[in-house]
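Below is one structure, written out as structure tokens; the observations come after it.
The values are calculated or read from the model by the stated rules, or taken from the named source; none is laboratory data. Note that this is a predicted model, so its numbers are computed, not measured. As a convention, Cβ positions derive from the backbone with ideal geometry for all residues, glycine included, and neighbour counts pool all protein chains shown.
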Amino acid sequence: MGQKNGVRVLDNAATLIFIAITFTTAAIAVVLTTRLLASRSSSPYAGAANSAQTSGTDVLRRYQFREGYMLSDVAPDDAFLDCGVDRTMAFRRLVSSLTPLSPEFQANVDALQDRGDAFLIDGRIGSDAVFIAGRIEDEDVLTLSVGPAGDGEGRQAVETATLDALQTELSDLRATMDTGVAPMWREDESARVTWANAAYFDLVERLRGGEAPGWPLPRIFASELEHAPSDGTFRRCKIAMPDRDEPTWYEVSRDPLPGGTALFTAQPADRLVRAETSLREFLQTTTKTFAALPVGLAVFDRKRQLVTFNPALVALTQAGAEFLTTRPDLKSFLDQLREKKRMPEPRDYRSWRDEIAQLEEGAENGTYHQLWELPEGKTFRVMGRPHPDGAIAFMLEDISAEVSLTRQFRADLEMFQAVLDAVPVAIAVFQADGAMVGANEGYGRLWGQDPQVLAQMPHLNQACVEWSARCKPSRVWGEIRQFVGHEVERGPWVEAVETLDGVRLAVRMAPTRGRATVVQFLPLDVSQSDPLAELTPASATPLLDAARAQTERSAQRRA
């Protein structure tokens, strides 16, 4: 009986110990739970977390705005906006609520507003992971989405490394497109701008006088692109900028993209337009200058097509402006000249082909220079000159009057030379520098000059050497050099010299036009003491009269 009582006491004690342990464990659990709840209550995300636990952020929340005005409705259990929030202030309050969830949110939402750059970032509400996404829909609707980061409807798990690589590539592509100076933008099938690079945004900002652009972006080339350029071509457009007087020029191209969209690129063309304007003004000035020239001008390009001509060419060639404006090739142009008899007629067709080849080759080398004797008696001077890029230019000048004058002048010279040759007096003419400019046949016969040597017009020094070699010593030769060189008084005078053969000559010096000097040699009768005595007044010539008077004055000076 005593043993049974002892066993009962032990059982009761074990039961009491078990009950005590149970209550102790429960008390510890209550204490830990209380501390954990207190810790969560002190967290900055406590409100959002509690709201999340009580309002169901395990579902996707989407907020839509147009120009800062909220279009979507707020659910009663929304964790970030009150149900009765002012729709004009909702965007600012939503941004304020979402900013603590991720340090990247503010920069991304600014880029979304300014440039329409979509984003997807991770955030946290307490210990719960969430995602925040933003994009532009329907051209001007800004959409922000917040939801749990775990798998759910509309979401798919992606390997982190792959997602990071895709985001890095996207960032690199954006940076690459933004570094270009050419504005680029994408338009959908409704001609709405759905994407643009930094240069396009800068251009919009300049057009708005420095005001930051936002969505929707305007089509700044809309008025210039009523008819978009076809694929592979470009259209030149100009835009009036508020910060400059002259318009800004672009060359806009269009490249099709899948889905009916198109990518537009506007290459700056100000320098090209300025160069073209300068070239056009230069061509206009040159054309006006060429139009006033009496010389016909024809320029052929490297393909030998006529690209430039002036009115004088029309008048000289009689080819007709209608024909020349068709830009004929070189062969057709020359054929037209043949038909109009404005070039020498070749002997045969082969000669004609050779003439064309020589003309083209000579023009390329800059050596073509010919006189064309036309059947009607006119004369053309034709010159060919090379031009840049393989072009050639021909200049046609009517020198008929010049040729006629030259021929008349040559005929007059021949006549005057014949008159001089008929005079029985030896005559030579020297310039002030001693160069001989003319002599008659009497001079050649007197001094034994070969006509070919005489035609080379020997110098005065050489002539004096030859004279003194054929005559007895005399101071006349030095006086002649002084007279011709303008070293003494240049009054006419006469001196007598005697050749080695005993022939006495009267030498007369007289100035003439252009500072030249005429030297005359006249054989005299050696039987007379006075070489001029037998020249009677009836037979005397003005030359001999002057010679006698000069001889008397010379004798008086020596006396």
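Taking residue 186, is it touching a helix residue (DSSP H, G or I) at 6+ places or on another chain (Cβ under 8 Å) and at pLDDT 85 or above? So residue 186 fails the test.
Being assigned by TED's automatic domain parsing to the domain that holds residue 396, more than 18 Å from residue 398 (Cβ to Cβ) and touching a residue at least 60 places away in the same chain (Cβ under 8 Å): is that true of residue 335 here?
Details: assigned by TED's automatic domain parsing to the domain that holds residue 396: yes; more than 18 Å from residue 398 (Cβ to Cβ): yes; touching a residue at least 60 places away in the same chain (Cβ under 8 Å): no.
No, not satisfied.
Only a single criterion out of (1) more than 17 Å from the chain's Cα centre (by Cα); (2) not assigned by TED's automatic domain parsing to the domain that holds residue 359 is not satisfied by residue 279, namely (1).
Quick one: is residue 431 at negative phi and in contact with a helix residue (DSSP H, G or I) (Cβ under 9 Å, 6 or more places away or on another chain)? The answer is yes for residue 431.
Filtering the stretch 89-118 to residues that are surrounded by fewer than 18 Cβ atoms within 10 Å (Cβ to Cβ) and either assigned to a strand (DSSP E or B) or of a type in the set (Gly, Ala, Ser) (or both) leaves 96, 97, 102, 107, 111, 118.
State whether the residues of the stretch 271-281 include one that is surrounded by 15 or more Cβ atoms within 10 Å (Cβ to Cβ) and polar (S, T, N, Q).
If we filter the stretch 271-281 for residues that are surrounded by 15 or more Cβ atoms within 10 Å (Cβ to Cβ), which is where we start, we get 273.
Then keep just the ones that are polar (S, T, N, Q); that gives none.
No, that holds for no residue.
Taken over the stretch 114-135, residues that are modelled with pLDDT under 85 and under 50 Å from the mean Cα position of the chain (by Cα) amount to 5.
May I ask you to say which residue of 141, 158 is more than 30 Å from residue 251 (Cα to Cα), more than 43 Å from the chain's Cα centre (by Cα) and at pLDDT 80 or above?
Working: 158 fails: at pLDDT 80 or above.
Result: 141 is the single residue among 141, 158 that is more than 30 Å from residue 251 (Cα to Cα), more than 43 Å from the chain's Cα centre (by Cα) and at pLDDT 80 or above.
Inside the stretch 55-79, residues that are in contact with a helix residue (DSSP H, G or I) (Cβ under 7 Å, 6 or more places away or on another chain), part of a loop (DSSP other than H, G, I, E, B) and within 13 Å of residue 144 (Cα to Cα) make up a count of 1. Checked against the criterion of being in contact with a Gly (Cβ under 9 Å, 6 or more places away or on another chain) and either at pLDDT below 85 or part of a loop (DSSP other than H, G, I, E, B) (or both), the stretch 223-241 has no qualifying residue. Scan the stretch 213-252 for residues that are loosely packed, with under 11 Cβ neighbours inside 10 Å and in contact (Cβ under 8 Å) with a residue 60 or more places away in the chain and the total you get is 0.
Taking residue 82, is it modelled with pLDDT under 90, assigned to a helix (DSSP H, G or I) and acidic (Asp, Glu)?
Numbers: modelled with pLDDT under 90: yes; assigned to a helix (DSSP H, G or I): no; acidic (Asp, Glu): yes.
Against the criterion (modelled with pLDDT under 90, assigned to a helix (DSSP H, G or I) and acidic (Asp, Glu)), residue 82 does not qualify.
If the condition is being touching a helix residue (DSSP H, G or I) at 6+ places or on another chain (Cβ under 6 Å) and in a helix (DSSP H, G or I), then the stretch 254-312 contributes 291, 311. Name every residue in the stretch 313-337 that is more than 25 Å from residue 361 (Cβ to Cβ), more than 30 Å from the chain's Cα centre (by Cα) and either part of a strand (DSSP E or B) or not hydrophobic (A, V, I, L, M, F, W, C) (or both), in order of residue number. Hits for the stretch 313-337 are 318, 320, 322. Applying the set (1) of a type outside the set (Val, Ile, Thr); (2) under 13 Å from residue 396 (Cα atoms); (3) in contact with a Gly (Cβ under 9 Å, 6 or more places away or on another chain) to residue 366 leaves exactly one unmet item: (2).
Among the residues in the stretch 447-465, are any in contact (Cβ under 8 Å) with a residue 60 or more places away in the chain and over 23 Å from residue 485 (Cα atoms)? Scanning the stretch 447-465 turns up no residue that is in contact (Cβ under 8 Å) with a residue 60 or more places away in the chain and over 23 Å from residue 485 (Cα atoms).
Pairs linking a residue in the stretch 276-300 that is on the phi < 0 side of the Ramachandran plot and without any contact (Cβ under 8 Å) to a residue 12 or more places away in the chain to a residue that is surrounded by 14 or more Cβ atoms within 10 Å (Cβ to Cβ) and among the small types (Gly, Ala, Ser), with Cβ atoms under 8 Å and 6 or more positions apart or on different chains, do not occur.
So if I check each of 393, 363, 428, which one is of a type in the set (A, V, I, L, M), within 19 Å of residue 290 (Cβ to Cβ) and buried (at least 18 other Cβ atoms within 10 Å of the Cβ)? Write out each step before concluding.
Working: 393 fails: buried (at least 18 other Cβ atoms within 10 Å of the Cβ); 428 fails: within 19 Å of residue 290 (Cβ to Cβ).
Result of the check over 393, 363, 428: 363.
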